[in-house]
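The values are calculated or read from the model by the stated rules, or taken from the named source; none is laboratory data. Since this is a predicted model, take the numbers as computed values, not measurements. Reconstructed Cβ throughout: ideal geometry from the backbone, glycine too, with neighbour counts over all protein chains shown.
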Amino acid sequence: MTATIPALGEEFISADEEQAILRVAELFRQLRERGYHQRRAADRLDRFPARRDAHAKHHGCLRAEFIVENTLPDELRVGTFQEGMHYHAYVRFSNGSENVQSDTLPDAHAMAVKVLGVHGPRALDLPGSEQHTQDLIMVQHPVFFSRNASEYVSLSKALLAGQDALQAWMQAHPYEAAIMVATVAYVVENPLAMNYFSMVPYKLGPQAMKFSARPAAGQALLAAQEKSDNYLREVMVEQLSNGPVVYEFFVQVQRDPQLFPVEDPTVVWPEDWVSPTQPALTGQPQKVATISIPAQAFDNDAQQAFGERLSFNPWDTVAALRPLGGINRVRKRVYLEAAAHRRKLNRDMPIEPTGSESF
């Protein structure tokens, strides 16, 4: 039987996926609770605060502006990406580990953008959720390390079982293991000088996309001179005391359903692809917006505490730009449960930022 080739922007949901998602969520619940109790014991902390179970250490949550290009092709003019729109935003830079550890250790690194004042039908409409924000979550690696929900079950079991089980999983999944190792192997000089990627696909109206952000050319971006345990925050403080930092935000449109798969986020979408019939149609990312981070003194208790309270979720988005693919369907459940668990432990309520916060 010939396999069905999906259409552009089309998802494929296997019959056993929902059960796999439930299993991953349960395994992550166990990992989350075990990790919280281990960290609490190691740090000799009282019940509060409970940090995120991934990307626990943030270097700063920065005021920013998300400015959409004045001219966009029709295919990019979707949802939040409306020509000339100017949004307030917050940008959180973080390390990936569940532990608050030294910046000198290899790790994953993330840039999470919360765009404010966004309107339109939502991907999720939950009581108490942020109704006018758009979260754009990016990591300093272009692809994800698990293909689908079923594979994520086996990885989650290995993580819960311990180091020997994880090593066995990696030996049985060398391709995915290589991605996972690469993702957490970065030692960086300045979070404001790195490229970041969505890793996984999203809707772009009827199409699919991945997105990325990279520093605009021509900026004098600093490198850390002395590497303390918190040198990434320190170099950001110095960088933003000298002036603004500008990022360019790009969208890469899915051009071929097999070469640009929606349901396998371990695959790099080829930027060098050119349509054999329409040479103007390429796999090159296209600039959609500028993320302008003004000079600011962000390293104060109030602003850092605000960044700690914020939640970021790829499903906090307008429906026209919602996440696609099985890994994102896993993330929907896991992210919501993790945020609810953290709020419960911290006796906290979700907040919907406006951009007018005073620090």
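Tabulated results
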read-out	value
Cβ pairs under 7 Å, 6+ apart, first in segment 39-67 and of a type in the set (Phe, Trp, Tyr), second at pLDDT 80 or above	66/87; 66/89; 66/113; 66/115; 66/289; 66/291
Residue check for residue 238: modelled with pLDDT of 95 or more and surrounded by fewer than 16 Cβ atoms within 10 Å (Cβ to Cβ)	yes
Hey, residue 223 aliphatic (A, V, I, L, M) and assigned to a helix (DSSP H, G or I) or not	no
Residue within segment 282-294 that is in contact (Cβ under 8 Å) with a residue 60 or more places away in the chain and within 16 Å of the chain's Cα centre (by Cα) present	yes
Filter result (at pLDDT 95 or above and among the polar types (S, T, N, Q)) within segment 204-227	207, 212, 219
In segment 146-186, residue surrounded by the fewest Cβ atoms within 10 Å (Cβ to Cβ) [restricted to those that are of a type in the set (Gly, Ala, Ser) and more than 25 Å from residue 201 (Cβ to Cβ)]	162
Test: residue 281 is of a type in the set (A, V, I, L, M, F, W, C) and at pLDDT below 95	yes
Hits in segment 269-296 - residues which are among the aliphatic types (A, V, I, L, M), in a loop (DSSP other than H, G, I, E, B) and either touching a His at 6+ places or on another chain (Cβ under 6 Å) or surrounded by 13 or more Cβ atoms within 10 Å (Cβ to Cβ) (or both)	281
Matching entry among 156, 198, 146 (being polar (S, T, N, Q) and more than 17 Å from the chain's Cα centre (by Cα))	156
Subset of segment 59-108 (residues that are modelled with pLDDT of 95 or more and β-branched (Val, Ile, Thr))	67, 68, 71, 78, 80, 91, 104
For residue 126: the one exception among (1) at pLDDT 95 or above; (2) surrounded by fewer than 14 Cβ atoms within 10 Å (Cβ to Cβ)	(1)
Members of segment 183-201 that are under 17 Å from residue 102 (Cα atoms) and either assigned to a loop (DSSP other than H, G, I, E, B) or hydrophobic (A, V, I, L, M, F, W, C) (or both)	184, 185, 187, 188, 189, 190
Tabulated pairs, segment 323-342, first over 14 Å from residue 144 (Cβ atoms), second assigned to a helix (DSSP H, G or I), C-beta under 7 angstrom, 6+ apart or interchain	333/21; 333/25; 337/25; 337/29; 338/32; 341/32
The listed residue being within 16 Å of the chain's Cα centre (by Cα) and either closer than 30 Å to residue 244 by Cα or at pLDDT below 95 (or both), out of 119, 141	141
Segment 324-347: number of residues that are of a type outside the set (A, V, I, L, M, F, W, C), buried (at least 16 other Cβ atoms within 10 Å of the Cβ) and farther than 16 Å from residue 98 by Cα	8
